[in-house]
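A.B. asks: Okay, here's the structure, questions in a sec.
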Amino acid sequence: TVSGPATAPVGGDVEYRVRVANDDRVPVAQVALELTLPEDFTVVATDPAPEDAKRLRWTIGALDARAERTIVIRGRLFGEPGTATRAEAVVIYRPANFNSDFQTLTQATTTLDASPLTIAITGPSESVPGTPEMYTVTYVNTGVTTTPPLVLMVDAPASFALTTSIPERPRREEL
């Protein structure tokens, strides 16, 4: 089974637990796990580490009757608020008394809560051409974790000329 939070804040810490269990009376051999995480999930840590970190693949090997293993993946989930994302695990195994492999698929869905970032722009609603105006952009992180570095992109009309900004823009070619 894959377990994880039903909801998570955008950019918040998320932990997925994958439980691989042999609930049968017969041992299984050649157990492997492949995990597919949401596209906007950034892995911070895994326990244990996967053999193939790029494909997130673990070779568990033999699993005795009534035995289980748990794999924990911690990271941060980003994306559009309200979006449902899915962590999917495929377990490939071969029962001791069979000559072919079987697969089991399980998944957990996490829906992204509202963004912990709020942004507000204040300034005049109208201006006279050629008259300098001041606009203030305020952003606040209401979340519990530090956000990664952010870039503020302003979609201004072509006739808008920026004269100064605090803090200064790192790239002059972009507004």
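A.B. asks: If only one of Pro9, Pro48, Pro27 is open to solvent by 40 Å² or more (accessible area, probe 1.4 Å) and under 18 Å from Gly143 (Cβ atoms), which one is it? Before you say what the answer is, go through the steps one by one.
C.D. replies: Working: Pro48 fails: under 18 Å from Gly143 (Cβ atoms); Pro27 fails: under 18 Å from Gly143 (Cβ atoms).
From the options Pro9, Pro48, Pro27, the qualifying one is Pro9.
A.B. asks: List the pairs whose first member sits in region 88-101 and is closer than 30 Å to Pro5 by Cβ and in contact (Cβ under 8 Å) with a residue 40 or more places away in the chain, whose second member is of a type in the set (Asp, Glu) and open to solvent by 70 Å² or more (accessible area, probe 1.4 Å), and whose Cβ atoms are under 8 Å apart, counting only residues at least 6 apart or on separate chains?
C.D. replies: Partner pairs satisfying both residue conditions: Ile92/Asp101; Tyr93/Asp101.
A.B. asks: What's the number of the only condition in (1) surrounded by 10 or more Cβ atoms within 10 Å (Cβ to Cβ); (2) assigned to a strand (DSSP E or B) that Pro81 fails to meet?
C.D. replies: (2)
A.B. asks: Tell me which of these Arg55 doesn't satisfy, since it passes every other one: (1) outside any strand (DSSP E or B); (2) in contact (Cβ under 8 Å) with a residue 60 or more places away in the chain.
C.D. replies: The single condition Arg55 does not satisfy is (2).
A.B. asks: Moving to a separate point now. For region 121-153, give me each residue that is surrounded by 10 or more Cβ atoms within 10 Å (Cβ to Cβ), modelled with pLDDT of 80 or more and in a loop (DSSP other than H, G, I, E, B).
C.D. replies: Passing the criteria: Gly123, Pro124, Ser127, Glu133, Tyr135, Thr142.
A.B. asks: Please indicate, with yes or no, whether at least one residue in region 88-102 is open to solvent by 80 Å² or more (accessible area, probe 1.4 Å) and either assigned to a strand (DSSP E or B) or closer than 30 Å to Thr163 by Cβ (or both).
C.D. replies: no
A.B. asks: Out of curiosity, is Thr106 touching a residue at least 12 places away in the same chain (Cβ under 8 Å) and open to solvent by 70 Å² or more (accessible area, probe 1.4 Å)?
C.D. replies: Numbers: touching a residue at least 12 places away in the same chain (Cβ under 8 Å): yes; open to solvent by 70 Å² or more (accessible area, probe 1.4 Å): no.
No; evaluated as a whole, the condition is false for this residue.
The values are calculated or read from the model by the stated rules, or taken from the named source; none is laboratory data. Note that the structure is a prediction, hence the values are computed from the model and not measured. Cβ atoms come from the backbone with ideal geometry, glycine included; neighbour counts cover every protein chain shown. Side chains are part of the model used for accessible areas, which takes the heavy atoms of the whole protein and leaves out ligands, DNA and RNA. Shrake-Rupley method; radii C 1.70, N 1.55, O 1.52, S 1.80 Å.
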